[in-house]
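Read through the structure below, which is laid out as structure tokens, and then see the notes.
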Amino acid sequence: MEHELIVNVLLTIATASTPLLIAAMGELVVERSGVLNLGVEGMMVIGAVCGFGGAALSGNPWVGVLAGISGGVLASLLFGVLTLSIATNQVATGLSLTLLGLGLSGLLGESFVGQAGVKLSAVDMGPLTEIPYVGRFLFGQDPIFYLSLLLVACVSWFLFRTRAGLVLRAVGDSHDSAHALGLSVVKIRYAAVAFGGACAGLAGAHLSLVYTTQWVENMTAGRGWIALALVVFASWRPWRVLAGAYLFGGVTIGQLHAQAFGVAVPSQLLSALPYLATIVVLVLISRNKRLTILNTPACLGRPFVPNR
Amino acid sequence: MPSDTQPPLLELEKLRKAFPGTLANDDVDLVINPGEIHALLGENGAGKSTLVKMIYGVLRPDAGAIRWHGESVDLPNPRAARRRGIGMVFQHFSLFEALSAAENIALSLDDAPPMDTLTQRARELSERYGLPLDPHAMVGDLSVGERQRIEIVRCLLQEPELLILDEPTSVLTPQEAEQLFKTLEQLRADGKSILYISHRLQEVQRLCDNATVLRGGKVVGHCKPAEESAASLATLMVGSELPEVAHEEALESGAVLLDVRALTRPAATPFAVALQDVYLQGRSGRILGIAGVAGNGQGELFEVLSGEVLTEQPLCIKMRNKAIGNLGINERRKLGAAFVPEERLGHGAVPNMSLIDNALLSRHRSDGGELVGITGRVKRGKLRKLAARIVESMDVRCSGTEQPAGALSGGNLQKYIIARELDRKPKVLVVNQPTWGVDAGAALRIRNALVQLARDGSAVVVISQDLEELLQISDDVSVMHDGKLSFPMPVAEANPENIGLLMGGSEANAGGNA
Amino acid sequence: MALELVKRPSPSRLFAALSPFIAFALTLLAGALLFKIQGVPPLAGLYTYFVEPLTETWSLHELAIKAAPLILIAVGLAVCFLSNNWNIGAEGQFILGGIFGSALPVLYPELSNNTTLPVMLLMGAAGGALFGLIPAFLKVKFNANEILTSLMLVYVAQLLLDWLVRGPWRNPAGFGFPQTRAFDELARLPAIDNMAGRAHWGIAFALIAALALWWLLRSTRSGFEIRVIGASPRAGAFAGFSSKRLTLFAFALSGGLAGLAGIVEVSGTIGQLQPSISPGYGFTAIIVAFLGRLNPAGIVAAGTVLALTYLGGEAAQMSLGLSDKAVRVFQGLLLFFVLATDTLIHYQLRRSGDTHGA
């Protein structure tokens, strides 16, 4: 069946896009508060190993989801303590979080290698999934997929429709002004960083509970970095992250299918496509310097030390 | 006499605040009564900002008491101060550029009503006090005057009993300042008190009922400004009587050393100003003053004159009859030019580098092979001597030339930077804000040095927001407004009124066609 | 109780010197804890990791082999980081150096002569430099974030190497293994002292590079330029320095050094190309650069320490049955601690509430 194939491709695209979307959405909130956390890759891979471990040890995938989120949050707080409480360089600290995360997850996951995992299965909405064409795509996916869409809507509403969101954006625009007004810059940023960690952890757990149900060292394979690029691509707007994530999911799945069909191109070139696409997209979006300046949170990456 | 029944609105007793290396406030006392405009006078670095930050809860005192309505209070943060009824308009505004005026206002209110109500109330207030503003405008697009209005409206919405204004007129034209005074008098008539921070004596005499004078972190006097003379206030502020800048009549009309014609430059960033059709001439023996409210293109003009940004048409800028529009800053220095930017830390000097390294910053190409050899090797010994000579020539107070530039006070670092440039005896000097945030002694020294350079035959261009300064040292004055430069007028014809009008934008088209 | 930071009037020289040592001590402490959790006596673990490799000549040679690429790469990265250019793609530049340098012995084994090795080294450096120039060019020309582009190129480089050794460059007589032909003697970087151990001349290149960096930073206008632009781009413009030119220079230099390290590793240590030629040297070198405080002498010391963790990891795996994955954890922790203790150079820690009677 022709449309059966199309639906399957769409489903795999959604599965590939969901972790990118979630991780990028978390980082978007972090960056909107003026913090650049380059440790997404590290938090994500920790989320993946905790998620796998939690599910495998308890036999319950939801324990895995919670473990993944907790792992991400803990890792992000480590970053928070350094960059927010003792004002270290955010770029270097984020890098070190990634390096540490990759190492730590390798160590933690050593006994999981080759072990069968627990799958977080798709929701079952009975007859709804049998609606032709759209049924399975809309009603037959894993719970995290729905969560990811809800996340986009919530973040967008939070940032632009609530006072707390206004405060968060204000802190990212000028921490000095925010401090002068009596907003607690550091606390707000801690909250944002922890949220980013939770999202990255959840994204990692999705990889090891839905995308593949196994643990492989370095299984994030640069997805955390792509999520970072997505935030730039989206000019720090939530709905554009959704578009970007599905674009990248599409490229990833497209090249996998091309490999399966035996297209006469080296498979390595196809595998490199998502990375090359990231570079191309970054170039296209950054080319207009004026626009970039206008969109970037003005305090992004600048350490803040209150002068009391 | 303060009546026995009603305690003063605010009373500070022996307030003290130390920062590493300095005692910013030393046992400061101050009393403000209801319905009073109280001046806090003092020159740069006297401790005024520190004091008001403690009143507003941004900083916490190390010792001493703050009494509000006679009752001792603790103000751990600005929110607590606002709740008591204290509002503040900052000198360097605490606004968010990427947000709208209404969002900025909402952020400062602890329990903000819905946006619509808020906008409505802001409109009413702005009409009542003559403070027009557009709630939906993005702050980054607004002029400094408009930003200040947002700050004031934002404060008034909280219905404060005490309003603190930190150097509010430093960013305004004389006419805008006059409008502000009317607003403040209206507020006083409504029974509100105002703490007015300034180092400008005339406006304090015009506006304030009482004054407290700070010097070196200490209170040196309380007085009624209207009963004092400007000279006596100045003496109180500075501690000794300062001589005037020696400014003799300039030579009639020297050779044109810097010639700018029809210079235009598109805005480089969303918040920058485009330069439009600028003409200016720097003549040997004369100082050209460029007045204007901050943010009207002065920084952009400086970048093009210095060569940090190149223009596409080389002929637009000529120096000593050579087209230099497409030459970089070092090429221009080699032709005898020198430049002093507005920002000291991170532009004119690198804060975490020593004074020795900072001596090299502007002179690694201009001094022939004196400081850097042909192979690119830096001659440390010669550099060390140069730094010592610079320190010596302007009496820069430092603990040695190994000290990082960032550890010097504003006035001393500015003296160092100016002396570094003057040491080369430049034929053309362009200075942006020579005495911004500098104490009176250093300012006097710098102004005298600029006049002396001109009298020795160099062309000097001084960009400044300080109109008094320009009227003191310039031979001709032009005004910058919205990227355009007015036709220069001889200083004898210039006064705060006609210059102020140009700063506000009227008659700006009169300039341009030399 | 919360801690707060108070800026020091000027940076503390004491802590500038002390902070790497404090960081290292903290890492040892964390390591001891890690050993304890894994059921290994902490002192024995630390001994195996950090002392044992230093007790025998052959393992000192191994140390030199591992320290050489780390130091070479970190020297280049120091120039990048000092000038605020965040090149984190050294791993990719390392690989490209290996590939470019190997082109000659792989494609033209019959041309082998005395000039082969120098040509290989030059080509390796050129390959790394060219690959490093890609993110630099994209930053200068299109304003694209160099952190992300340089990192993405690491994956591209790994895939390129993978394709070459499985495809066009595979040894036709290699039984289908994904490897190129083994280089002949003239294409191998010789050992310093064949009798004593495997160490090759790579370590000499590394020390020369560190010495050159020291001279560059200390006594030349270029060094001054790097420091000024890194500290303040606007002051750099005022000094008439071009930050774009410096970005290209820094990436070309660090890419070149990483490329040299790559071909040194391939021709000195491995002897042929294979799907993986680096145990993450390009990333570990980032730690080396920071631990060495971006200064040459520090980098040499830090490179040695990090090389030691690699060796210690191998030793601990063999004699104590500890996972070799612990190495990456050690390295990551070390960087964390360095960054944390560096704060003490510019700030004092004090308990909030100490100075104001709240």
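The values are calculated or read from the model by the stated rules, or taken from the named source; none is laboratory data. Because the structure is a prediction, the values reported are computed rather than measured. Glycine gets a Cβ as well: all are built from the backbone with ideal geometry, and neighbour counts include every protein chain shown.
Some observations on this one:
- Verdict on residue C:250 being more than 30 Å from residue C:187 (Cα to Cα) and among the aliphatic types (A, V, I, L, M): no
- The residues on offer are B:108, B:143, and the sole one that is more than 18 Å from residue A:170 (Cα to Cα), modelled with pLDDT under 85 and polar (S, T, N, Q) is B:143.
- Scope segment A:77-107; condition more than 8 Å from chain C (Cβ to nearest Cβ) and touching a Pro at 6+ places or on another chain (Cβ under 8 Å); matching residues: A:83, A:90
- Segment C:190-234, subset away from chain B (no Cβ under 14 Å) and β-branched (Val, Ile, Thr), residue farthest from residue C:303 (Cα to Cα): C:192
- Selected residue (criterion: nearest to the other protein chains (Cβ to nearest Cβ)) from residues of segment C:171-189 that are touching a helix residue (DSSP H, G or I) at 6+ places or on another chain (Cβ under 8 Å) and part of a loop (DSSP other than H, G, I, E, B): C:178
- When residues of segment C:190-226 are limited to those that are among the aromatic types (Phe, Trp, Tyr) and under 23 Å from residue C:269 (Cβ atoms), the one nearest to the chain's Cα centre (by Cα): C:205
- Total residues in segment B:79-112, condition without any contact (Cβ under 8 Å) to a residue 40 or more places away in the chain and of a type in the set (A, V, I, L, M): 6
- Meeting the requirement of 3 or more residues that are among the hydrophobic types (A, V, I, L, M, F, W, C) and touching a residue at least 24 places away in the same chain (Cβ under 8 Å), the helices (runs of 4 or more DSSP H) wholly within segment B:290-379 are B:298-306, B:355-361.
- Neighbours by Cβ (under 7 Å, 6+ apart or cross-chain): first from segment C:7-23, within 12 Å of residue C:343 (Cβ to Cβ) and within 13 Å of another protein chain (Cβ to nearest Cβ); second acidic (Asp, Glu) and assigned to a helix (DSSP H, G or I): C:19/C:342
- Filter result for residue C:164 (under 23 Å from the mean Cα position of the chain (by Cα) and either in contact (Cβ under 8 Å) with a residue 60 or more places away in the chain or buried (at least 16 other Cβ atoms within 10 Å of the Cβ) (or both)): no
- Some residue of segment C:50-58 being closer than 17 Å to residue C:312 by Cβ, not charged (D, E, K, R) and not in a helix (DSSP H, G or I): yes
- Among the conditions (1) more than 10 Å from chain C (Cβ to nearest Cβ); (2) under 18 Å from residue A:226 (Cα atoms), residue A:71 misses just one, which is (2).
- Residue under evaluation residue B:363, criteria (1) at pLDDT below 95; (2) more than 29 Å from the chain's Cα centre (by Cα); (3) crowded, with 21+ Cβ neighbours inside 10 Å, criterion not met: (2)
- Only one of B:73, B:139, B:89 that is of a type in the set (A, V, I, L, M) and touching a Pro at 6+ places or on another chain (Cβ under 7 Å): B:89
- Taking every residue in segment B:61-78 that is within 20 Å of residue B:26 (Cβ to Cβ) and pairing it with any residue that is surrounded by fewer than 17 Cβ atoms within 10 Å (Cβ to Cβ) and among the hydrophobic types (A, V, I, L, M, F, W, C), at least 6 positions away or on another chain, the pairs with Cβ-Cβ distances below 6 Å are B:62/B:18; B:66/B:73.
- Residue satisfying condition, being surrounded by fewer than 18 Cβ atoms within 10 Å (Cβ to Cβ) and among the hydrophobic types (A, V, I, L, M, F, W, C), within set B:24, B:65: B:65
- If you go through segment C:1-28 and keep only what is surrounded by fewer than 18 Cβ atoms within 10 Å (Cβ to Cβ), small (Gly, Ala, Ser) and either in a helix (DSSP H, G or I) or in contact with a Cys (Cβ under 8 Å, 6 or more places away or on another chain) (or both), you end up with C:16, C:17, C:25.
- With respect to the stated conditions, residue C:314 is farther than 30 Å from residue C:84 by Cβ, charged (D, E, K, R) and more than 11 Å from chain A (Cβ to nearest Cβ).
- Residue match in segment C:104-117 (condition: in contact with a Gly (Cβ under 7 Å, 6 or more places away or on another chain) and crowded, with 22+ Cβ neighbours inside 10 Å): no
- Here residue B:348 fits the description: within 19 Å of residue B:432 (Cα to Cα), surrounded by 24 or more Cβ atoms within 10 Å (Cβ to Cβ) and within 10 Å of another protein chain (Cβ to nearest Cβ).
- Within segment B:113-126, residues that are in the same structural domain as residue B:146 (by TED's automatic domain parsing) have Cβ atoms under 6 Å from residues that are β-branched (Val, Ile, Thr) and part of a helix (DSSP H, G or I) in these pairs: B:122/B:105; B:122/B:153; B:125/B:153; B:126/B:153, counting only partners at least 6 apart in sequence or on another chain.
- Subset of segment C:29-59 (residues that are surrounded by fewer than 18 Cβ atoms within 10 Å (Cβ to Cβ) and under 16 Å from residue C:331 (Cα atoms)): C:29, C:30, C:32, C:33
- Tally, over segment A:205-229, of residues that are within 14 Å of another protein chain (Cβ to nearest Cβ) and among the β-branched types (Val, Ile, Thr): 3
- Criterion: modelled with pLDDT of 95 or more and crowded, with 23+ Cβ neighbours inside 10 Å - qualifying residue of C:259, C:332: C:259
- Qualifying residue in segment A:179-190 (condition: among the hydroxyl-bearing types (Ser, Thr, Tyr), surrounded by fewer than 23 Cβ atoms within 10 Å (Cβ to Cβ) and away from chain B (no Cβ under 14 Å)): yes
- The listed residue being over 24 Å from residue C:288 (Cα atoms) and among the aromatic types (Phe, Trp, Tyr), out of C:183, C:205, C:224: C:183
- Candidates B:13, B:43 - the one that is touching a helix residue (DSSP H, G or I) at 6+ places or on another chain (Cβ under 7 Å) and more than 23 Å from residue C:5 (Cα to Cα): B:43
- Taking segment A:230-308 and the helices (runs of 4 or more DSSP H) fully enclosed by it, the elements with 3 or more residues that are crowded, with 21+ Cβ neighbours inside 10 Å and away from chain C (no Cβ under 13 Å) are at A:238-260.
- Residue selection: residue B:201 fails the criterion of being modelled with pLDDT of 85 or more and away from chain A (no Cβ under 14 Å).
- Qualifying residue in segment B:43-60 (condition: in contact with a strand residue (DSSP E or B) (Cβ under 9 Å, 6 or more places away or on another chain), among the acidic types (Asp, Glu), surrounded by fewer than 18 Cβ atoms within 10 Å (Cβ to Cβ) and in contact (Cβ under 8 Å) with a residue 40 or more places away in the chain): no
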